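The values are calculated or read from the model by the stated rules, or taken from the named source; none is laboratory data. Keep in mind that this is a model prediction, so the values were computed, not measured. Every residue, glycine as well, gets a Cβ built from its backbone with ideal geometry; the counts of neighbours run over all protein chains shown.
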Amino acid sequence: MINFEDEIKRIKPSLDVDQLEDAILKVDLTDMNDLMTQLMEEALKKGNDPS
């Protein structure tokens, strides 16, 4: 049988919208566009024409 008191104790509150926004903005995510831009810049610095 389910013990609701134990289940309630295990629940962790979710972040508020402001806290969630801060947590997301602090994460440094590199996407494919960032990687391609970095590769293009490196190629141009070396004098290689990427096209």
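Restricting to segment 1-29, name every residue that is of a type outside the set (S, T, N, Q) and surrounded by 10 or more Cβ atoms within 10 Å (Cβ to Cβ).
LEU15, LEU20, GLU21, ASP22, ALA23, ILE24 - these are the residues of segment 1-29 that are of a type outside the set (S, T, N, Q) and surrounded by 10 or more Cβ atoms within 10 Å (Cβ to Cβ).
Read through the list (1) modelled with pLDDT under 85; (2) out of contact with any Leu (no Cβ under 9 Å at 6 or more places or on another chain); (3) surrounded by 10 or more Cβ atoms within 10 Å (Cβ to Cβ); (4) of a type in the set (Gly, Ala, Ser), then give the number of the only condition that SER51 fails.
Result: SER51 passes all but (3).
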